[in-house]
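For reference, the structure is listed below as structure tokens.
The values are calculated or read from the model by the stated rules, or taken from the named source; none is laboratory data. From a predicted model like this one, the values you see are computed outputs, not experimental measurements. As a convention, Cβ positions derive from the backbone with ideal geometry for all residues, glycine included, and neighbour counts pool all protein chains shown.
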Amino acid sequence: MTSQALATLKDRHLFVANELEKARERLNAIIPVSTGLGASRAIAVTLDCLVRNPNLLECEPRSIVRSVLHASEVGLELGSPLGEAFIVPFKGKATMMIGYRGFVKLIRGAPRVSLVKGVLVREADEFDIDEGENKLHHRVGKGDVRTRGNVTHAYSRVYYTDGLSQFEVMDRVELDKIKSESLRKAGTRSTPWKTHEDEMYKKCPLRRQAKWLDLNPLGRRATELDDLESMRRGELGVVHREGFSTERADELKAMLQSQDKRVEVLEVEGELVQE
């Protein structure tokens, strides 16, 4: 890498850092108090992520700030090793993608939920489901992931304080359809499917299950934001199987258009994106 290119990256990093500093007051206002996080942590984690993956600096800086605001609004760290939420580039702009651990964190805050699990089933495992009886049997085969074979299914299971549970199952065909579309949209750019494949497999059924769970307001807002960013990347159609109405898709499109118009105005005025 030439010194000129390095200087450009440094300049971009500094610009993003300055924009995030401008957003400090906004971040402190929107980060849920219950998370124990704060603006300083959100800013530091994001800047560290950009150092570890400097290709993200090719994204429009204010779109990075918008992604940080979206993740912070629902109490998730963007780009940290925790894998709660990721920065995913698309057409020169940063988008926010909630990870498996982010969804686990959000669903655990739902009423009556005591435990949330995402599990991968492999070829050597015993696996059977009876959706009518709400029964799922999974016995892990002998050995480790290297000897148990390829992933055949992924499922999420939410346990309640009254002892009941609910699950969502997806087979490998469904999982790879989502993976392939995400990789196709990403091209050579970074995506969690390239770095956190197993966790993304586990996220898929959990995300679908989140649609019909009785989430708290924070969880509902998080699923809405994740849908918005998926629509921005053109991935929403493969993520949701059934129950996603045309009316809801139109509503999300209108929200995106409104958001983008607001961004254009703020950029012209030289102000910070606060959507």
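What tally of residues in region 156-166 results from selecting those that are over 20 Å from the mean Cα position of the chain (by Cα) and either under 17 Å from Lys203 (Cα atoms) or not β-branched (Val, Ile, Thr) (or both)?
Total meeting the criteria: 7.
In region 218-237, which residues are of a type in the set (Lys, Arg) and over 20 Å from Lys179 (Cα atoms)?
Answer for region 218-237, where residues must be of a type in the set (Lys, Arg) and over 20 Å from Lys179 (Cα atoms): Arg220, Arg221.
Do the conditions hold for Leu136, that is, is it within 17 Å of the chain's Cα centre (by Cα), in the same structural domain as Glu224 (by TED's automatic domain parsing) and not basic (Lys, Arg)?
no
Quick check on region 124-153: of everything there that is basic (Lys, Arg) and not in a strand (DSSP E or B), which residue is modelled with the highest pLDDT?
Ranking the candidates gives Arg148 first.
Applying the selection to region 48-66, what residues are within 18 Å of the chain's Cα centre (by Cα) and over 16 Å from Ser190 (Cα atoms)?
Hits for region 48-66 are Val65, Arg66.
May I ask you to verify whether Val65 is surrounded by 20 or more Cβ atoms within 10 Å (Cβ to Cβ) and among the aliphatic types (A, V, I, L, M)? Walk me through how you get there before you give the answer.
Values: surrounded by 20 or more Cβ atoms within 10 Å (Cβ to Cβ): yes; among the aliphatic types (A, V, I, L, M): yes.
The answer is yes for Val65.
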